[in-house]
Amino acid sequence: MKSIVKNSALWAGSALILTGCGGIEGRGEGRAVPAAPPAEAVTGVSDTPVKIGEPYTIGGVTYTPADVADYDDVGYASWYGDELAGRPTANGEIFNPDAISAAHKTLPLPSYVEVTALDTGRTILVRVNDRGPMAGDRLIDLSRGAAEQLGLTEGLSAVRVRRTNPPAAERAQLRAGRPVPERIVTPDSLLSILRTKLKALPAPKSAEAAPVTNQPAAPVASGKAKPGDDRMEVRGAAPAKTVPPAAPAAGGKFAVQVGAFSSEARANSVAQTVGGTVSPAGKLWRVRMGPFASEAEARTALAQARGKGFRDAMLQRER
């Protein structure tokens, strides 16, 4: 991957240098970073103290940092790498291009966000510890490591950025520079809503921006999904005190329909996540859990499906 630093400029009355960040193939336009490490030595990476900062102006645009607990937005992500390796971030940490980190214009430093690629539905957890990107058509600047984990390696990519409050173990892993497991795949219905929201924004200035793929019809059972409804658990991490659904019973009278999907691959992925099965239903692919011998067993499975983000999963009684 090539990275080029460009458009450096001196902030008046400060020791900050605007250097390359967040551009095509790692190139950038005006991310604020300190010119030298802070006076106090940085002996480690910590989530405290949290820094918000005063409003600042770059290129005639004023940005006002704020602690928005339910921050949730769509836009375009760029990435940056070796050109800033070893340099201090805006909160005084040392930038490691292979760590899973990001720069944002206004979120507190540090904070944690889930970043979803709108072309694939993949979602990763990222630690925000820097300011940027200062190009107006970009929402977030990912480190090279974060971009690679999400599968974004060229140009700009359409993303959703949602602030979250991950468990202490995940925070510690990201502070150490290591990725945590991806979140479960985002349902087609939610992706459709997010893509529609993105289309209302001005097109990015870069002609190299990755296109957002138009998908077929949204899942039937998830048609009421909306941003903020996808509070999903980390793949492979079972929530505490969760009772797994009972094994399907031969001749059972109850089942759980998780959703109906236009893509067989998507249906297979969801089925693997919830422990269900896939069957054709006209032009769609249906994911179901069961059958179960009792309604109680089916309701346990229903709770599991909804807990994994499929809020419109429904209980069905076999006839």
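Quick test for you: out of Val274, Val234, pick the one residue that is at pLDDT 70 or above and of a type in the set (A, V, I, L, M).
Val274
Yes or no: the stretch 241-259 includes at least one residue that is surrounded by fewer than 16 Cβ atoms within 10 Å (Cβ to Cβ), touching a strand residue (DSSP E or B) at 6+ places or on another chain (Cβ under 7 Å) and either under 27 Å from Val126 (Cα atoms) or modelled with pLDDT under 70 (or both).
yes
Select from the stretch 94-104 the residues that are touching an Asp or Glu at 6+ places or on another chain (Cβ under 6 Å) and assigned to a loop (DSSP other than H, G, I, E, B) and list them in ascending order.
Pro97
Look through the stretch 105-122, keep the residues that are in contact with a Leu (Cβ under 8 Å, 6 or more places away or on another chain) and assigned to a loop (DSSP other than H, G, I, E, B), and return whichever of them is surrounded by the fewest Cβ atoms within 10 Å (Cβ to Cβ).
Once the filter is applied, the top-ranked residue is Arg122.
Scan the stretch 145-163 residue by residue and report those that are under 14 Å from the mean Cα position of the chain (by Cα), assigned to a loop (DSSP other than H, G, I, E, B) and surrounded by fewer than 20 Cβ atoms within 10 Å (Cβ to Cβ).
Listed by number, the list holds a single entry, Gly151.
Take Val185 and tell me if it is touching a His at 6+ places or on another chain (Cβ under 8 Å) and either more than 20 Å from Gly81 (Cα to Cα) or not hydroxyl-bearing (Ser, Thr, Tyr) (or both). Let's see the steps before the verdict.
Numbers: touching a His at 6+ places or on another chain (Cβ under 8 Å): no; either more than 20 Å from Gly81 (Cα to Cα) or not hydroxyl-bearing (Ser, Thr, Tyr) (or both): yes.
Taking the combined requirement at face value, the residue does not satisfy it.
Does the stretch 84-93 contain at least one residue that is in a loop (DSSP other than H, G, I, E, B), out of contact with any Ser or Thr (no Cβ under 7 Å at 6 or more places or on another chain) and at positive phi?
Taking every residue of the stretch 84-93 in turn, at least one turns out to be in a loop (DSSP other than H, G, I, E, B), out of contact with any Ser or Thr (no Cβ under 7 Å at 6 or more places or on another chain) and at positive phi.
Confirm whether Thr277 is more than 27 Å from Asp119 (Cβ to Cβ) and of a type in the set (Val, Ile, Thr).
Against the criterion (more than 27 Å from Asp119 (Cβ to Cβ) and of a type in the set (Val, Ile, Thr)), Thr277 qualifies.
Okay, residues lined up against (1) among the small types (Gly, Ala, Ser); (2) over 20 Å from Gln173 (Cα atoms):
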residue	(1), (2)
Asp73	no, yes
Ala77	yes, yes
Tyr80	no, yes
Gly86	yes, no
Glu93	no, no
Ala99	yes, no
His104	no, yes
Pro110	no, no
Val115	no, no
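The values are calculated or read from the model by the stated rules, or taken from the named source; none is laboratory data. Treat the numbers as computed from the prediction; the structure is a model and nothing was measured. Don't worry about glycine lacking a Cβ; one is built from the backbone with ideal geometry, like all the others, and counts go over all protein chains shown.
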